[in-house]
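These notes are about the structure you will find just below.
The values are calculated or read from the model by the stated rules, or taken from the named source; none is laboratory data. Quick caveat: nothing in here was measured; it's all calculated off a predicted structure. Heads up, the Cβs are rebuilt from the backbone with ideal geometry, glycines too, and the neighbour counts pull from every protein chain shown. Protein only, heavy atoms only, side chains kept; ligands, DNA and RNA dropped before computing areas. Shrake-Rupley method; radii C 1.70, N 1.55, O 1.52, S 1.80 Å.
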Amino acid sequence: MQITPSGQEPIIQPRLDPTLASGKINLLGLDRDELKNALREIGVAEKQIKMRAQQLWHWVYHRGVSSFDAMTNVSKDVRAKLENHFIIERPEITEAQYSEDGTRKYLIKFEDGSEAEAVYIPEEDRGTLCVSSQVGCTLNCKFCHTGTMRLVRNLTAAEIVAQMMIARDDLGEWENPTEGRSVTNIVMMGMGEPLYNFDNVKKALEIIMDEEGIQLSRRRITLSTSGVVPHMERCGEEIGVNLAVSLHAVRDDVRSEIMPINKKYNLEQVLQACANYPGAHNARRITFEYTMLKDVNDSAEDAKELVRLIRKYKLPAKVNLIPFNPWPGTPYECSEWDQIQKFSDIVYKGGISAPIRTPRGRDIMAACGQLKSASEKKSKAQILRETEQVSA
Ligand code: SAH
Ligand code: SF4
């Protein structure tokens, strides 16, 4: 069990056993060693294990099949045996929403009934899948809708990989794995703090990066953290993906107010961890995410201070300015457009790239910080109804 920074709420760890009620093992989400062990357990001869695991790996992760019948290079007898003991099953999509701009949002329900979201965002030169690492988030950043969810648990590696599989299914991507990929990039920017679920995120990304499977390069994967300092270096060393850091303020008092984790790991510690991030250099810059909150963090002084800090720590960095996405009940407003541009200009003049992120999929509430599962939304509606009944 993992204790959150507040030291109070324990994060419920998911059940790691992939055995289903049917007694069958779900192969989706197993790594190579687990796959070999599963084969061993059903009595496959030791000298065949490596070859069979290789075949399964190819069919499950490179070809995306979910039926053993499709495995044409596996003999009928073996296929029957596999079918008796295993399944290859994705979690259920409870809702898929398609935005006018091509953004697709999937609400995914896992075996225990909890839900998380994944969002596909097509752009001219890439297609990015925004992946969740937890159901909800314990960190309660004040401007983030996910942070208001009460139920929190880590996702298993299988549940994280499944988000990629589901998106590729929906986009019809398995047929021609080498040409015309739709999902070219992954950002760990969905629900949850990925560094509080380090082992599962690492395992999932290793499966996704495997050269004989989904084959997504580490250069095309970005992990976003709110600044969990002790795990940042490990992330660079052990996973080796690009790093994005949710900064959102340039003074400790403001950052602590909007991001309670700053009381545990302050700006100086976060920026120093960025300076130490393995593999960060000019060609592979760290991205600072900065959500523009009206009258909170959007002044010209804030912009200048941001430039000063990035220079002080000699960070190879760029800044992503995110217009705040309001959600029902939020106390914050998005900065005025002029103010966002002014902020961006100051940072650019300081020699640091500071593009303004265009909101995507707004019609389906798919934008940053709006991810929240339907069941939670329902319970909020329920709460509202109850309040109305009390006040009536
Ligand atoms: N937990 C991780 C990753 C998920 S959030 C993190 O905090 O970095 C992805 C980005 O969206 C983060 O930078 C987050 O701070 C930002 N964000 C959250 N809520 C937002 C909102 N309502 N409007 C705009 N950006 C938001
Ligand atoms: Fe969690 Fe990130 Fe939202 Fe903060 S911004 S509550 S860390 S998901």
Rounded to the nearest 500 deg cm²/dmol, what is the calculated helix-only ellipticity per residue at 222 nm for the chain, with -39500 (n - 2.57) per DSSP H run of length n ≥ 4? -9500 deg cm²/dmol
Relative to the longest principal axis of the chain, what angle (0 to 90°, nearest 10) does the C-alpha long axis of helix 337-349 take? 90 degrees
Residue-normalised accessible area of the chain, expressed per residue, 1.4 Å probe, Å²: 46 Å²
Quick one: which residues, 5 or more positions from Cys334 or on another chain, have an amide H under 5 Å from its amide H? H modelled 1.01 Å from N in the peptide plane, none for Pro or chain starts. Lys294
Rounded to the nearest Å, the spacing of the alpha-carbon centers of region 201-228 and region 93-161 is 16 Å
When the chain is treated as a GNM, springs tying every alpha-carbon pair under 10 Å, which of Asn73, Asn154, Asn276 comes out with the largest mean-square fluctuation? Asn73
³J(HN,Hα), Karplus 6.51/-1.76/1.60, whole Hz, each residue of region 301-318, x for Gly, Pro: 5, 4, 4, 5, 5, 4, 4, 4, 5, 5, 5, 4, 8, 6, 8, x, 9, 10
How many percent of the accessible area of the chain is carbon or sulfur, using a 1.4 Å probe? 48 percent
Suppose a student asked you for the relative contact order of region 52-202, using Cα pairs under 8 Å spaced at least 6 residues apart; what percent would you report? 22 percent
Cβ charges +1 (Lys, Arg) and -1 (Asp, Glu), total dipole of the chain, debye: 720 debye
Segments 61-71, 134-144 sorted - mean Cβ within 10 Å per residue, highest first: 134-144, 61-71
If I take all pairs of Cα atoms in region 155-247, what percentage of them are more than 15 Å from each other? 59 percent
Based on the inverse mean of 1/r over its pairs of different Cα atoms, what is the Kirkwood hydrodynamic radius of the chain, in Å? 22.2 Å
Is the C-alpha gyration tensor of region 25-87 telling us rounded, prolate or oblate? Criteria: a/c under 1.5 is rounded; beyond that, a/b larger than b/c is prolate, otherwise oblate. rounded
Options Asn176, Cys141, Gln269, ranked by Cα towards positive dipole end of region 92-391, top entry (Cβ charges): Gln269
What does the highest-first list of 101-110, 300-309 look like by mean Cβ count within 10 Å? 101-110, 300-309
When the chain is treated as a GNM, springs tying every alpha-carbon pair under 10 Å, which of Pro194, Pro328, Pro316 comes out with the largest mean-square fluctuation? Pro328
Apply the Karplus parameterisation 6.51 cos²θ - 1.76 cosθ + 1.60, with θ equal to phi minus 60°, to every residue of region 92-102 and state each ³J(HN,Hα) to the nearest whole Hz, in sequence, with x for glycine and proline. 7, 8, 8, 7, 10, 10, 10, 7, 4, 8, x
Find how much the distance from Asp101 to Lys47 grows on full extension, using 0.36 nm per residue of separation minus their present alpha carbon separation; answer in nm with one decimal. 14.3 nm
